[in-house]
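One structure is given below, encoded as structure tokens.
Read-outs: derived from the displayed coordinates by stated rules, not from any lab. Note that this is a predicted model, so its numbers are computed, not measured. Methodologically, a virtual Cβ is constructed for each residue, glycine included, from the backbone with ideal geometry; neighbour enumeration extends over all protein chains shown.
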Amino acid sequence: MPAPDVTITTPEAAAREAAAEVRAVLLEARAAGRAPVLGLATGHTPIRLYEELVRLHRDEGLDWSDVVTFNLDEYLGLAADDPSSFRTFMERHLFAHVNLSPTNVHFLSGEPASEEALRERCEAYERAIVAAGGIDLQILGLGRTGHIAFNEPGSAVTSRTRVLELDPQTRRDNARDFPDGVEVPRFALTMGIATILEARRLRVLAFGAHKALVVASALSAPMSPTLPASFLRKHEDVRFWIDSAAAGK
Ligand code: F6R
């Protein structure tokens with residue numbers, strides 16, 4: 001297992017470098033005669049990356065017409081057009097500003113359904129990723145609980161797309177994205193750890209002192225379901241961009 005590639009830099013430089021890699025992946029897939037497939041994350045961390053990708057589209061003509069996307073996760077119980085849904089987040093920060101084809105955008109729907117229907121929704125998502133040829137590059141952030149996507153502590157390395165209960169810490173952290181008085185949903189749908197590890201490249205961003213502990217554990221704690229981010233080190237092509245505050249521990 002190679003040591004993960006870690007770059008300590010500014011969030012601005014990380015966004016530029018990550019966006020340059022996204023562009024390279026788009027060109028590489030096209031040169032190989034297939035549509036590029038990106039895995040996308042929400043949260044505060046990738047906002048600058050999305051700004052840079054929008055800039056590359058607007059100022060440098062980066063084409064998104066054949067790009068296929070899969071987002072990592074969504075809250076269960078939120079409609080796609082809910083102002084706090086991850087789908088709305090993606091519209092606001094990326095989808096509305098590039099020439100993606102809506103039929104190429106894949107999202108786990110947060111619409112409530114029976115347990116059986118939710119299981120089928122998750123299995124269909126796995127099948128859709130395989131049918132698209134797998135994910136070329138997956139963007140990831142790190143949660144303070146050690147989660148990747150919404151794989152909270154306790155998530156197995158073999159886990160697949162499923163519904164799971166959010167950690168209370170994650171619900172507190174994400175309350176900032178909900179209007180006052182609106183509770184963060186208790187459950188979410190998320191790609192599993194095994195699903196994420198199947199992407200051909202993993203690109204992880206983490207900025208700020210509040211991420212220092214999880215970054216240190218992801219890079220050096222024994223691999224274990226108590227810290228799902230530690231499983232990132234199993235991947236052969238994983239790269240971390242962190243700032244000096246997140247590198248503090
Ligand atoms: C979002 C996601 C989460 C976030 C993580 C960090 O799609 O899957 O794992 O990446 O919670 O969130 P921020 O970037 O807001 O600190």
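Numbers for the structure displayed
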| item | result |
| --- | --- |
| Gap separating the Cα centres of region 63-113 and region 119-195, nearest whole Å | 14 |
| Of PRO185, VAL163, THR226, farthest towards positive along the dipole that unit charges on Lys, Arg, Asp, Glu beta carbons give region 94-249 | THR226 |
| Label-point separation in nm, ASN99 to ALA117, each point 7 Å along Cα→Cβ | 3.7 |
| Most to least packed among 167-176, 214-223 [average Cβ atoms within 10 Å] | 214-223, 167-176 |
| Region 69-169: proportion of alpha-carbon pairs further apart than 18 angstrom, % | 53 |
| Positive-pole candidate from VAL6, ALA35, HIS57, dipole of the chain, charges at beta carbon | VAL6 |
| Dipole magnitude of region 139-209 about its Cα centre (Cβ charges: Lys, Arg +1; Asp, Glu -1), debye to nearest 20 | 320 |
| Quotient of Cα Rg and 2.2 N^0.38 Å for the chain, N being how many residues it contains | 0.94 |
| Over the chain, relative contact order from alpha-carbon pairs under 8 Å, at least 6 apart, % | 25 |
| Calculated FRET value between ARG233 and HIS210, using beta carbons and R₀ = 25 Å, to 0.05 | 0.70 |
| Net lengthening on full extension, ASP81/LYS249 (0.36 nm per residue, minus Cα-Cα) | 56.6 nm |
| Cut-off under 5 Å, modelled amide H: who pairs with ARG201 long-range | LEU137, GLN138 |
| Charge tally in the Cβ shell below 11 Å around VAL163, where Lys, Arg are +1 and Asp, Glu are -1, VAL163 excluded | 0 |
